[in-house]
Amino acid sequence: MMAQNTAPAPATPALDQTQMPFLESLAAEKARWQTSFHMPGHKGTLAPHPALLDYWGGNIHPADLVEINGIIDYLHAPKGALLAAQHLAAAAYGADHTFFLINGSTVGNIGAIMSAASDGQTVIMARASHRSVYGGVALSGAMPVYIAPEDHPEIGFPLAVRAEAIAALLKAHAPVAAIHITSPNYYGAQSDTAAIRALAHAHGAALLVDEAHGSHLGFHPGLPASATHLRADMVIQSTHKTQGALTQCSMLHCNDSGHVNLARVAQVLALLQTSSPSSILLASLDAARMQMATQGPALLGTALALAHEARAAIRQIEGLWCYGDELIGVNGIHAYDPTKLIIRVTGCGLSGFAAYDRLRYDFGIDAEFADLRQVIASITIGDTAASVQKLVDALRQIAAEARPAHTAEAVIAPPPGLPEIVISPRAAYFAPSRAIPLAEAAGHIVAENIIPYPPGIPLLVPGERIEQPWLDYLAYLMRQGSGVVGPEDKTLRLIRVVDGS
């Protein structure tokens with residue numbers, strides 16, 4: 001059976017989770033209706049463009065309030081309602097301190113790394129990290145030491161990292177300022193966060209966890225434990241991904257372990273986030289927390305039941321498979337989130353990309369994402385029996401249809417090892433560079449990220465030497481339908497390299 005959330009939640013003050021102090025403060029100010037001679041320019045009275053009114057389904061301008069004269073609390077110096085909202089969030093999510101983020105988990109990852117590591121210090125991180133983690137390394141000046149990706153034998157993607165691999169890197173690269181892992185990842189797979197935290201602290205390093213896809217964890221016993229409950233030092237969660245917050249809304253949770261400087265975290269976030277924060281986004285975070293704290297177990301119970309029913313039904317469809325408990329124990333996978341449906345479609349003669357397109361264009365269904373072998377669907381508190389049945393019915397029809405006549409190109413594994421790091425990512429980002437034809441790039445030092453999506457693992461990171469096997473693998477991925485994120489030239493006819501390399 002799947003590992004459940006057996007970690008005890010840390011003791012928290014008895015706070016009233018039905019309150020929404022920041023949202024309530026906004027509602028009170030909106031009801032006052034002052035004559036405005038300050039920002040925003042629409043002043044709450046200018047009607048939006050008719051096209052926006054139609055798209056929004058109403059006029060939100062009167063709710064677009066800004067901090068003013070200490071009446072509406074300010075993100076970068078909270079003292080009243082917003083500070084109370086963040087305290088409530090910390091208690092609800094099992095952390096000691098919480099910062100609201102309105103630039104997504106991207107700013108959380110960057111801020112966590114910049115808070116924990118500085119120029120020249122070592123950060124151990126998974127190669128299969130979100131590109132924001134690489135941005136944090138570049139901005140901090142830290143030197144990355146990568147946990148080499150270990151592809152799951154059937155899924156073809158590195159779903160977790162082994163504690164043993166981190167232990168070896170800690171011994172080989174001491175001292176280490178921080179370890180950064182992604183758990184759960186896009187596929188819902190989790191590493192052994194508790195074991196990795198123990199290793200990190202034994203070596204004086206902070207543990208940073210990108211839990212962007214796990215903001216709902218810890219609110220139902222049928223889900224794995226959240227990294228906040230497992231006492232990771234900093235945990236980044238996308239409250240918009242699996243809860244009801246608006247897009248861009250995330251949280252950075254911190255635990256008192258002696259490895260987090262809260263003043264430094266606040267300073268870095270003030271540097272990275274806008275000085276004109278959206279009260280609408282902040283209010284969305286306040287409301288999402290209240291909903292999860294008061295209704296989370298019931299809402300997630302429904303979502304889990306729907307996911308279990310869908311998984312069982314998909315497993316009965318010839319040519320399809322939906323992964324479950326058999327994931328645990330393979331390649332460092334400690335647990336998985338059952339609300340993520342990893343649906344293998346190759347038995348139908350389809351790639352994940354093809355199945356994704358069929359779902360979208362023939363059945364009006366948008367999956368979470370696809371890779372070479374799978375299409376992934378995310379079940380959340382927003383789903384119903386009807387929406388999940390629509391997905392199962394569409395998959396059943398796709399699987400029942402005739403198989404494609406052509407033979408797909410054989411799956412090719414990435415080159416062994418990792419590219420050579422010649423200079424630091426920061427040095428490469430800011431070094432003079434030039435664009436050259438991709439066909440002539442072998443031997444040069446890359447000056448921009450080359451990240452195929454999917455699988456989303458950086459193939460080349462600024463500061464690394466470009467070698468022909470990596471270029472060949474990139475060409476293969478693009479033939480399979482993968483896009484690329486990072487390069488200036490999205491067609492990849494040209495690639496930027498460091499001058500003089």
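FYI, it's all coordinate maths here, none of it is from the lab. Because the structure is a prediction, the values reported are computed rather than measured. Note that we place each Cβ from the backbone using ideal geometry, even for glycine, and neighbour counts take in every protein chain shown.
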Open item on the list: Just to confirm a number: summing +1 for Lys and Arg and -1 for Asp and Glu over residues other than V235 whose beta-carbon lies under 12 angstrom from that of V235, what do you get?
Closed with: -2
Open item on the list: If you average the C-alpha positions of the stretch 304-359 and of the stretch 276-290 separately, how far apart do those two centres end up, in angstrom?
Closed with: 34
Open item on the list: Within the chain, which is the longest segment that contains none of the trypsin sites (Lys or Arg not before Pro) sitting in a DSSP loop with at most 16 other Cβ atoms within 10 Å?
Closed with: 80-489
Open item on the list: Suppose the chain between H76 and H49 were pulled fully straight at 0.36 nm per residue; how much longer would it get relative to their current alpha carbon spacing?
Closed with: 6.6 nm
TODO: Run the quick spin-label model on Y473 and R396: label points 7 Å from Cα toward the beta carbon, then report their separation in nm to one decimal.
DONE: 4.1
TODO: With the cut-off at 15 Å, report for the stretch 425-498 the share of all Cα pairs above it, as a whole percent.
DONE: 48
Task: Radius 10 Å from Cβ of H213, net charge of other residues (Lys, Arg +1; Asp, Glu -1) - done: -2
Task: Theoretical ellipticity at 222 nm over the chain - DSSP helices of four or more residues, -39500 (n - 2.57) apiece, nearest 500 - done: -11000 deg cm²/dmol
Open item on the list: Along the Cα→Cβ direction, 7 angstrom out, place labels at D489 and R315. What is the inter-label distance in nm?
Closed with: 4.9
Task: Residue (of Q273, L285, S351) at the positive-pole extreme of the stretch 264-369, dipole from beta-carbon charges - done: Q273
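Work through the residues other than R344 whose Cβ is under 11 Å from its Cβ and net out their charges, Lys, Arg +1 and Asp, Glu -1.
Local charge sum for R344: 0.
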TODO: Over all alpha-carbon pairs in the stretch 352-405, figure out the percentage whose distance exceeds 13 Å.
DONE: 60
Open item on the list: Charges at C-beta only: +1 for Lys and Arg, -1 for Asp and Glu. How large is the resulting dipole of the stretch 298-400 about its Cα centre, in Debye rounded to 20?
Closed with: 120
Task: Which of G500, G324, A165, positive extreme of dipole for the chain (C-beta unit charges) - done: G500
Open item on the list: Charges at C-beta only: +1 for Lys and Arg, -1 for Asp and Glu. How large is the resulting dipole of the chain about its Cα centre, in Debye rounded to 20?
Closed with: 260
TODO: Quickly work out the V66-to-W33 label distance, labels modelled 7 Å from Cα along the C-beta direction, and quote it in nm with one decimal.
DONE: 2.2
- [ ] For a label point 7 Å from the Cα of A148 along Cα→C-beta, name the residues of the stretch 324-355 whose backbone N is under 16 Å from it.
- [x] 331-332
TODO: In whole angstrom, note down how far apart the Cα centers of the stretch 466-501 and the stretch 197-243 are.
DONE: 33
TODO: Please give every one of the lysines within straight-line cross-link reach of K30, meaning a C-alpha to C-alpha distance under 23 Å, and leave out same-chain neighbours fewer than 8 residues apart.
DONE: K43, K79
Task: Per-residue Cβ neighbour rank within 10 angstrom, fewest leading, Y429, Y361 - done: Y361, Y429
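Among DSSP beta bridges whose residues both lie in the chain, state the antiparallel percentage, nearest 5.
Numbers: 32 of 48 bridges.
Antiparallel bridges make up about 65 percent of those DSSP assigns within the chain.
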TODO: Check the straight Cα-Cα distances from K340 and name the aspartates and glutamates below 15 Å, setting aside those fewer than 8 residues away within the same chain.
DONE: E211, E309, D325, E326, D366, E368, D371, D383
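Is the stretch 298-400 best put as rounded, prolate or oblate by its Cα gyration tensor, with a ≥ b ≥ c the root eigenvalues, rounded for a/c under 1.5, and otherwise prolate when a/b is larger than b/c, oblate when not?
In terms of gyration-tensor shape, oblate.
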Task: Inter-centroid distance (Cα atoms) of the stretch 30-89 relative to the stretch 413-448, Å - done: 45
TODO: List the chymotrypsin sites (Phe, Trp or Tyr not before Pro) within the stretch 34-132 that fall in a DSSP loop (any state other than H, G, I, E or B) and whose Cβ has at most 14 other Cβ atoms within 10 Å.
DONE: F37
Task: the chain: C-alpha pair distances exceeding 29 Å, % - done: 54
